[in-house]
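Engineer: Take a look at this one; I'll ask things after.
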Amino acid sequence: MKETPLSNCERRFLLRAIEEKKRLDGRQTYDYRNIKISFGTDYGCCIVELGKTRVLGQVSCELVSPKLNRATEGILFFNLELSQMAAPAFEPGRQSDLLVKLNRLLERCLRNSKCIDTESLCVVAGEKVWQIRVDLHLLNHDGNIIDAASIAAIVALSHFRRPDVSVQGDEVTLYTPEERDPVPLSIHHMPICVSFAFFQQGTYLLVDPNEREERVMDGLLVIAMNKHREICTIQSSGGIMLLKDQVLRCSKIAGVKVAEITELIQKALENDQKVRKEGGKFGFAESIANQRITAFKMEKAPIDTSDVEEKAEEIIAEAEPPSEVVSKPVLWTTGTAQIGEGIENFWGDLEDSGKEDEDEGGSDEAIILDSIKMDTGVEVPNIGSQDAPIVLSDSEEEEMIILEPDKNPKKIRTQTISAKQEKAPSKKPVKKRKKKRAAN
């Protein structure tokens with residue numbers, strides 16, 4: 001499913017807001033979105049939220065044979081997955097150009113920067129080494145995937161603990177966490193990516209672009225740096241030409257942001273370690289706020305509630321007190337009671353409506369007979385009078401009315417037939433069928 005393109009009105013609105021140094025979420029030009037880090041029950045599992053962009057990081061390890069050219073070094077493997085759960089534009093089972101670019105950038109940022117001591121992952125030189133696998137899953141996409149993924153990867157690696165191992169001769173013994181405490185990885189520094197979006201051919205600059213701002217940007221500059229202001233990798237995409245002063249300016253901003261994020265990561269790791277030592281509750285379930293179904297938080301708008309209590313008291317004082325109505329039970333018979341008046345009884349109304357329908361039916365017959373009088377010009381005797389009794393035949397095959405001998409049967413027959421045709425015109429085909437059956 002292709003992503004819905006932005007309309008010209010939305011594009012012009014975003015660009016005009018950027019020119020006026022305004023953003024849709026109220027941030028300033030160099031502001032980052034709020035970062036939230038939560039850990040799972042197992043070591044090496046975490047969720048990083050950068051605004052509404054959420055990435056799940058999971059680290060696993062395995063004893064494997066080393067590479068031939070690096071017999072004393074462990075193996076690091078990074079894998080980022082973009083699922084349709086994050087955004088409907090991502091296609092499952094197919095590596096897009098964006099996914100390939102993000103995976104390569106992560107490997108350059110974390111593996112090539114030598115942030116993890118791979119030689120400490122060697123168990124037996126040339127035979128057994130640890131393979132560390134970092135799986136990153138994008139849970140929700142709201143822009144700036146690479147920054148959230150790099151933070152999730154380094155947090156998961158810092159939080160991970162591998163099983164302890166002992167070597168006696170050719171035997172390698174792997175201990176469970178109950179037998180020996182797991183061993184953390186040896187991490188030299190924490191490289192973190194910081195993204196800069198350029199607009200109007202590099203005239204305007206934004207830090208941490210969201211999803212809509214990424215659609216209208218002309219170019220993207222990603223700088224991976226640690227808190228010591230050492231640049232680990234740098235990548236420019238979009239085909240824009242940047243000046244030396246622009247790159248230096250971005251590197252200074254990245255140094256400040258990386259220092260803040262690194263301090264936040266260290267605090268989160270310390271708090272989790274403290275809770276685990278004290279035996280408190282930890283995990284994803286504990287990080288979700290109480291009385292809430294989802295893990296997302298509604299952004300609170302600043303509202304002045306200082307005078308709410310005073311205004312409420314004034315409204316209550318001015319309002320009329322409610323009337324006190326005490327219902328008394330009514331005992332109709334033994335074992336029954338009634339409180340209140342109840343609902344009105346409509347049984348009598350239903351009987352009256354049935355009688356009115358019958359009266360309307362009789363009036364319809366009178367109207368039909370009056371119309372017959374007007375059409376034929378012949379007087380029809382009153383049905384309700386006792387002097388002219390009329391006996392109607394029950395047979396459907398014969399259209400006959402038995403009258404007294406002093407009356408003219410021919411004229412009356414035509415009148416009754418025409419009256420029956422007006423009353424029940426749908427009986428004609430039924431009569432013809434029955435006559436045909438009688439003839440057969």
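Engineer: If R₀ is 22 angstrom, what is the calculated FRET efficiency for the pair LEU15 and ASN140, using the beta carbon separation as r and rounding to 0.05?
Structural biologist: 0.30
Engineer: OK, next. Return the loop-located GluC sites (Glu not before Pro) in the stretch 126-204 (DSSP other than H, G, I, E, B) with at most 15 other Cβ atoms within 10 Å of their own Cβ; answer none if there are none.
Structural biologist: Here the GluC sites (Glu not before Pro) that fit, given the DSSP loop and packing criteria, are GLU127, GLU178, GLU179.
Engineer: Need the C-alpha centroid separation for the stretch 108-165 versus the stretch 1-74, integer Å.
Structural biologist: Computed from Cα coordinates, the inter-centre distance equals 16 Å.
Engineer: For the stretch 154-222, what is the accessible area per residue in Å² when the probe is 1.4 Å?
Structural biologist: 43 Å²
Engineer: Taking amide H positions as placed in the peptide plane 1.01 Å from N, state which residues far from ASN140 in sequence (5 or more) or on other chains have amide H under 5 Å from it.
Structural biologist: Counting only residues 5 or more places away or on other chains, the set is ARG54.
Engineer: Separate question: Within the P(r) computed for the stretch 8-118, what percentage of the Cα pairs occupies the region above 16 Å?
Structural biologist: 76 percent
Engineer: Then there's this: Report the calculated FRET efficiency for SER65 and VAL183 (r = Cβ-Cβ distance, R0 = 22 Å), to the nearest 0.05.
Structural biologist: For SER65 and VAL183, the calculated efficiency is 0.60.
Engineer: Under 4 °C and 1.567 mPa s, how fast does the stretch 158-199 diffuse according to Stokes-Einstein, given a Kirkwood radius computed over C-alpha pairs? Answer in µm²/s, whole number.
Structural biologist: On the way: Rh = 13.6 Å.
Estimated diffusion coefficient is 95 µm²/s.
Engineer: Grab the Cα-Cα distance for LYS281 and THR333, subtract it from 0.36 nm times how many residues apart they are, and report the gain in nm with one decimal.
Structural biologist: Numbers: separation 52, 0.36 × 52 = 18.72 nm, distance 6.14 nm.
Length difference between fully extended and current span is 12.6 nm.
Engineer: While we're looking at this one, here's another question. By per-residue mean of other Cβ atoms within 10 Å, what is the highest-first order of 23-36, 187-200, 3-16? Spell out each step's value before the answer.
Structural biologist: Values: 23-36: 14.2, 187-200: 21.1, 3-16: 12.0.
The packing order, highest mean first, is 187-200, 23-36, 3-16.
Engineer: Here is a follow-up. Might you report the magnitude of the Cβ-based charge dipole of the stretch 20-85 about its Cα centre, with Lys and Arg at +1 and Asp and Glu at -1, to the nearest 20 debye? Numbers along the way, then the final one.
Structural biologist: Numbers: 10 positive and 8 negative charges, 80 e Å.
The dipole magnitude comes to about 380 debye.
Engineer: Given a Förster distance of 41 Å, report the FRET efficiency between THR41 and VAL172 from their Cβ-Cβ distance, rounded to the nearest 0.05.
Structural biologist: Numbers: r = 28 Å, r/R0 = 0.68.
According to the calculation, E is roughly 0.90.
Engineer: Grab the other residues whose beta carbon is less than 15 angstrom from that of LEU243, score K and R as +1, D and E as -1, and report the net. Let's see the in-between values first.
Structural biologist: On the way: positive: LYS244, ARG249, LYS252; negative: ASP218, ASP245.
So the surrounding residues net to +1.
Engineer: Please give the length that would be gained between LYS267 and GLU309 if that part of the chain were fully extended, namely 0.36 nm times their separation in residues minus their C-alpha to C-alpha distance (nm, one decimal).
Structural biologist: 11.3 nm
The values are calculated or read from the model by the stated rules, or taken from the named source; none is laboratory data. Values in this document were obtained by computation on a predicted structure and should not be read as measured data. With ideal geometry, Cβ positions are generated from the backbone for all residues, glycine too; neighbour counts draw on all protein chains shown. Accessible surface areas use protein heavy atoms only, side chains included; no ligands, DNA or RNA. Shrake-Rupley method; radii C 1.70, N 1.55, O 1.52, S 1.80 Å.
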